[in-house]
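The values are calculated or read from the model by the stated rules, or taken from the named source; none is laboratory data. Keep in mind that this is a model prediction, so the values were computed, not measured. Neighbour counts are summed over all protein chains in view; Cβ atoms, including those assigned to glycine, are modelled from backbone coordinates with ideal geometry. Remember, those area values only see protein heavy atoms, side chains included, never the ligands or the DNA or RNA. Shrake-Rupley method; radii C 1.70, N 1.55, O 1.52, S 1.80 Å.
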Amino acid sequence: MKILVTGGCGFIGSHTVVDLLNEGYEVIIVDNLVNSKIDVLDKIKKITNKSVKFYQYDLCDYTKLDSLFKEEEIDAVIHFAGLKAVSESVEKPLMYYENNLYSTINLLKCMMKYNVKKIVFSSSATVYGSPKSLPIYEDFPLSTTNPYGTTKLMIENILTDLYKADNSFDITILRYFNPIGAHKSGLLGEDPNGIPNNLMPYIVKVATHELPILSIFGDDYDTVDGTGVRDFIHVCDLSYGHVLALKNKKEGLKIYNLGTGQGTSVLELVKMFEKVNNVEVNYKIVGRRDGDIASCYASNKKAQEELGFKPKYNLEDMCRDSYNFVKSNR
Ligand code: WQD
């Protein structure tokens, strides 16, 4: 089977490409490299000893994307490509709506034109907003608090309406919780340029003294230690969930949470990181960050039952692998 992976040079996309190649799939990556680096292709080759065909196209360029579908016999698509910085989406909403929606509509139009009916979509737990209770189940109410999250919800709605109009589509929506960690080889991982928005990349930059101190956004939440609680999942568990989604025999429109089902506080993660890597992470408690929720963790029961999804990496692995990647690539 030939799988088109959009955004396949990115953090989760590249880990998924490795798993797909190891499972014997043929992979094509389309990525505009706006938020990723082309040397990821060499690293994928080093890990798997397999090559992938790469198109440096922007999904917003319909003509280019159409030529790719005309050239390649695509069997299924895994759609990661999209802008994903919450704070940037608040500052530049039009850029997020234009990029994330227009690119997806182009992709789906090409899929219809060339009769490619299987898609796995990278969604996010952010579509749940502030959950009414915990753990979060897939049938919980959906609401978003920032343009990035709203683009994810709008794309879910587009996919839902597309399926209603044409139920020959086979659509899987995967709602990620908080992906962290890196490939054991130290060749793939998350190392955003500049000041990271997300917690783990920030912790790593403080541990390597690239940044002076971590600001912990609030310690007055109703949680175990007052700091925010999240469901951190190893990126390698998350990536393998995409292979399971492709293999899933159930047809139609399916939605799954990909999380561990465990909540961990910010402070607990910082302490675990220090212990596992024998480093100190300087931090200070500051005010809450706008839009943050107190606690968020998944029920992954449906993914376990229907996909056979079973996370195998623990928090120590996530902390060790995150640090190892940045140390190996300094
Ligand atoms: C986690 C916790 C912060 C940074 C977002 C998106 C979600 C997904 C993952 C893309 C919170 C605290 C963070 C810092 C801190 N992204 N924190 N200091 O907000 O749960 O989810 O990223 O798909 O869609 O919404 O992740 O890592 O930003 O924050 O104290 O410097 O860490 O307050 O409690 P979040 P995060």
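Pairing the Cα long axis of helix 147-165 with the longest principal axis of the chain, what angle in degrees results, from 0 to 90 and rounded to the nearest 10?
In the chain, helix 147-165 runs at an angle near 30 degrees to the longest axis.
As I understand it, the value is the acute angle between the Cα axis of helix 102-113 and the longest principal axis of the Cα atoms of the chain; what does it come to in degrees, rounded to 10?
30 degrees
Can you tell me which of Phe140, Phe80, Phe232 moves the most in a GNM of the chain? Springs connect C-alpha atoms under 10 Å apart.
Phe140
Which net charge results for the neighbourhood of Tyr62, defined as the other residues with beta-carbon distances under 13 angstrom from its beta-carbon, given Lys and Arg at +1 and Asp and Glu at -1?
Taking every Cβ under 13 Å from that of Tyr62, the sum is +1.
Please sort by residue number the trypsin sites (Lys or Arg not before Pro) in segment 280-316 whose DSSP state is loop and whose Cβ has at most 15 other Cβ atoms within 10 Å.
Loop-located and lightly packed - Arg288, Arg289, Lys312.
Give me the percent of accessible area attributable to carbon and sulfur for segment 124-195, probe 1.4 angstrom.
C and S fraction of accessible area: 52 percent.
What does the convex hull of the Cα atoms come to per residue for the chain, in Å³?
122 Å³
Quick one: net charge of Val224's neighbours, Cβ under 15 Å, K/R +1, D/E -1?
The answer is -4.
Test of understanding: in a Gaussian network model of the chain with alpha carbons linked when under 10 Å, which of Cys296, Cys319, Cys110 would top the mean-square fluctuation ranking?
Cys110
Given only helices, namely DSSP H runs of n ≥ 4 each adding -39500 (n - 2.57), what is the per-residue ellipticity at 222 nm of the chain, to the nearest 500 deg cm²/dmol?
Here the helix-only value at 222 nm equals -11500 deg cm²/dmol.
Can you give me the Cα centroid spacing of segment 266-330 and segment 206-252 in angstrom?
Here the two parts' Cα centres lie 5 Å apart.
Give me log10 I(q)/I(0) at q = 0.11, 0.14 Å⁻¹ for segment 180-330, Debye formula, one equal scatterer per alpha-carbon, no solvent.
The computed values of log10 I(q)/I(0) come out as -0.46, -0.73.
Share of segment 261-330's accessible area from carbon and sulfur, percent, 1.4 Å?
Carbon-and-sulfur percentage of accessible area, whole number: 42.
Please give the helix 315-328 orientation as an angle from the longest Cα principal axis of the chain, in degrees from 0 to 90, rounded to the nearest 10.
Compared with the principal axis, the helix lies near 80 degrees.
Among Asp39, Asp191, Asp58, which one moves the most in a GNM of the chain with springs linking Cα atoms closer than 10 Å?
Evaluated over the chain, the most mobile residue of the options is Asp39.
If every alpha-carbon in segment 136-218 counts as one equal scatterer, what log10 I(q)/I(0) does Debye give at q = 0.11, 0.17, 0.25 1/Å?
Once normalised to I(0) and log-transformed, intensities are -0.52, -0.92, -1.23.
Cut-off 18 Å, label point 7 angstrom out along Cα-to-Cβ of Asn282: give me the residues of segment 187-216 whose amide nitrogen falls inside.
Output list for this probe position: 195-196, 202-216.
Summing +1 for each Lys or Arg and -1 for each Asp or Glu, what net charge is found among the other residues whose Cβ lies under 13 Å from the Cβ of Tyr202?
With Lys, Arg at +1 and Asp, Glu at -1, the net is 0.
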